[in-house]
1. Quick one: angle between helix 62-78 and the longest Cα principal axis of the chain, in degrees between 0 and 90, rounded to 10, please.
2. Report, please, the projected area of the chain averaged over directions, based on the convex hull of its C-alpha atoms, in nm².
3. Any idea what the alpha-carbon Rg over 2.2 N^0.38 Å comes to for the range 64-194?
4. Could you check what % of the DSSP bridge pairs in the range 176-332 are antiparallel, to the nearest 5?
5. Plugging the Kirkwood radius over Cα pairs into Stokes-Einstein for the range 1-86, at a temperature of 20 °C and a viscosity of 1.002 mPa s, what D comes out in µm²/s?
6. Take the Cα atoms of the range 190-332, find their three principal axes, and give me the spread along each one in whole Å, biggest first.
7. Between the helical axis of 84-104 and the dominant principal axis of the chain, each derived from Cα atoms, what acute angle in degrees is found, rounded to the nearest 10?
8. With the calculation restricted to Cα positions, what are the radius of gyration and Dmax of the range 265-332 in angstrom?
């Protein structure tokens, strides 16, 4: 299996870019933990009460558990039911999540050295879908939009609210020469829900964005909207509970056009739903990044089979490129 250099194939790939956790790890290795829940357990943040809730609902998803106990807490309050146990459970899950995110997420200043390179790579695509809940790529697009070089990233939010007529954002206005639409199929830290299920984007100064998000969680005003754990089937159920996530899943992933670059994504079982939707939309040309770890051939064979199965034996083209090659992601 030939592993090519990015600069040798980049001219053939301008449509879609799918980012996995490896993209965030390349910027800061603090994101290399296997799961947010496992990190919380390893660091001793999990209490018996929190673990009991995860066990009761047979899930690995922080956001789902937090949403369940948050709604129970607000319902009890609305009905005048005094229930400290529910309140304590909600606060325990919330505080565990906040502590976990704060402990693993890098500072903007630590990631900023890569912003220019990542921006130069990313602005060549028409559509980008990031599977990562962290803020690193969000910081990159804010950096890129501040440059004002004729290119602009659009997340299809009108202020704080997602615009379901997202396709109109492909139109260029004013001095824009090119635009890239950006979506988060599994949500992101910048997204939140209120107690009546309204979904919105949290806005703040770039330097203070993470602190602003965690502060709003602490105040109990919002709960996060991201899917960080679970099997492919569990993630689909969580996606279907959100208007934004479901719109991205149903409409955007099937609109990536002919070619797709997959960077930093291991394409494990937990991401099969993403590849299935992409193939359903007619994407037939794939370039997949490979990290040099001594198991490159096995990885390429496994990924090839996954994509071929997802595309139902349609005629497709798959090639692989080194994640460390020049011009790729953060590399100069």
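All of the numbers you see were taken from the coordinates with simple rules; none came from a lab. Quick caveat: nothing in here was measured; it's all calculated off a predicted structure. Every residue, glycine as well, gets a Cβ built from its backbone with ideal geometry; the counts of neighbours run over all protein chains shown.
1. Tilt of helix 62-78: around 30 degrees.
2. 17.1
3. So the range 64-194 has a normalised radius of gyration of 1.36.
4. Just about 40 percent of them are antiparallel.
5. For the chosen part, D equals 125 µm²/s.
6. 49, 35, 25 Å, listed from the longest principal axis down.
7. It works out to around 30 degrees.
8. 12.6, 37
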